[in-house]
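K.L.:
Here it is: the structure, laid out below.
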Amino acid sequence: MAGRVPSGSPDPAGPILAADHISLLRGGRTVLDDVAAGFQQGAVTAIVGPSGAGKTSLLRCFNRLEQPERGTVRLEGSDIRALDPTVLRRRVGMIFQTPVVFEGGVRANLAYGLEQSSDDELAGALEAAGLPASFLDRSATALSVGQAQRVCIARALVRRPQVLLMDEPTSALDVDASRVVEATIARLGSSGLTVVLVTHDLAQARRLSRRALLLSAGEVVGEGSMDVIEAAWGAWPRT
């Protein structure tokens, strides 16, 4: 295993979400190798690294879309395998690279799977995601890609997650839409929501997060401030 670039001073508070030495295999290939990392409550933390480093696979382990062969993922100190997956995925929401909305209105998309919800709650989630309440009456399939991504963020927020996982949330967007989504992520972090952001873009990671994790070939090879990560970036292979 490669050595890890030291992170400097440890965070004083315990993590809300943690990977406890997890390893993931796929088709006989090691995708994640003994990954240990913690994510602090109320912070935006980036996961960066080259293509194929295991960033998305790690994110998917955090809400059981992937099941590691070894190790444990913990939420508030408890093994996430003790939670029903539906309950877990409300507590640990996920935003994908490409937004997925259902046929019908935005209101129905936001309320999907909820036993009950009020328009005030749905409108509040929309506004937190950077869209006006009037979007409740829009057709979800008539939205731009950037608007649809913000509806997906709102759909996660209305479930009041403790952690929001975001997998390259601006990669399918144009420059203007990316800026709007970045502003939304910054607001969410400032509001105290824990956000774990996968990105290949170091500049984006610096804009949005104070701390990051650097993966290379399925291993954590750096963690800490963005200064630490940027210094480490050149020391590890890109492919």
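K.L.:
P169 - would you say it is at pLDDT 95 or above, buried (at least 24 other Cβ atoms within 10 Å of the Cβ) and not in a helix (DSSP H, G or I)?
P.N.:
Considered against the rule, which asks whether it is at pLDDT 95 or above, buried (at least 24 other Cβ atoms within 10 Å of the Cβ) and not in a helix (DSSP H, G or I), P169 comes out as yes.
K.L.:
Among the residues of region 176-194, is any more than 17 Å from G38 (Cβ to Cβ), at pLDDT 95 or above, crowded, with 19+ Cβ neighbours inside 10 Å and in contact with a Pro (Cβ under 7 Å, 6 or more places away or on another chain)?
P.N.:
Checking region 176-194: at least one residue is more than 17 Å from G38 (Cβ to Cβ), at pLDDT 95 or above, crowded, with 19+ Cβ neighbours inside 10 Å and in contact with a Pro (Cβ under 7 Å, 6 or more places away or on another chain).
K.L.:
Restricting to region 58-76, count the residues that are assigned to a loop (DSSP other than H, G, I, E, B) and hydrophobic (A, V, I, L, M, F, W, C). Step through it out loud before you land on a result.
P.N.:
To start, the set of residues in region 58-76 that are assigned to a loop (DSSP other than H, G, I, E, B) comprises 62-69, 76.
After this cut, where a residue has to be hydrophobic (A, V, I, L, M, F, W, C) as well, the list is 62, 65.
Residues in region 58-76 being assigned to a loop (DSSP other than H, G, I, E, B) and hydrophobic (A, V, I, L, M, F, W, C): 2 in total.
K.L.:
Any chance you could count how many residues in region 89-122 are of a type outside the set (S, T, N, Q), within 24 Å of the chain's Cα centre (by Cα) and assigned to a loop (DSSP other than H, G, I, E, B)?
P.N.:
The total comes to 8.
K.L.:
Can you pull out the residues in region 205-231 that are more than 30 Å from L25 (Cβ to Cβ) and not hydrophobic (A, V, I, L, M, F, W, C)? First the steps, then the outcome.
P.N.:
Our first condition is that a residue be more than 30 Å from L25 (Cβ to Cβ); within region 205-231, this holds for 206-208, 210, 225-227, 230-231.
Within region 205-231, R206, R207, R210, S225, D227, E230 meet the criteria.
K.L.:
Further question: Quick one: is T72 hydroxyl-bearing (S, T, Y), more than 26 Å from A186 (Cα to Cα) and modelled with pLDDT under 95?
P.N.:
Values: hydroxyl-bearing (S, T, Y): yes; more than 26 Å from A186 (Cα to Cα): yes; modelled with pLDDT under 95: no.
The answer is no for T72.
K.L.:
Output the qualifying pairs, or none if there are none: Cβ atoms under 7 angstrom, residues six or more apart or on different chains, first residue in region 98-123 and over 14 Å from A142 (Cα atoms), second residue of a type in the set (S, T, N, Q).
P.N.:
A111/S117
K.L.:
Further question: I want to confirm something. Restricting to region 209-237 and keeping residues that are part of a loop (DSSP other than H, G, I, E, B) and more than 22 Å from M166 (Cα to Cα), which single residue is modelled with the lowest pLDDT?
P.N.:
Per the criteria, the residue is P237.
The values are calculated or read from the model by the stated rules, or taken from the named source; none is laboratory data. Predicted, not measured: the structure shown is a model, and the values here were computed from it. Glycine also receives a Cβ, built like all others from the backbone with ideal geometry; neighbour counts cover every protein chain displayed.
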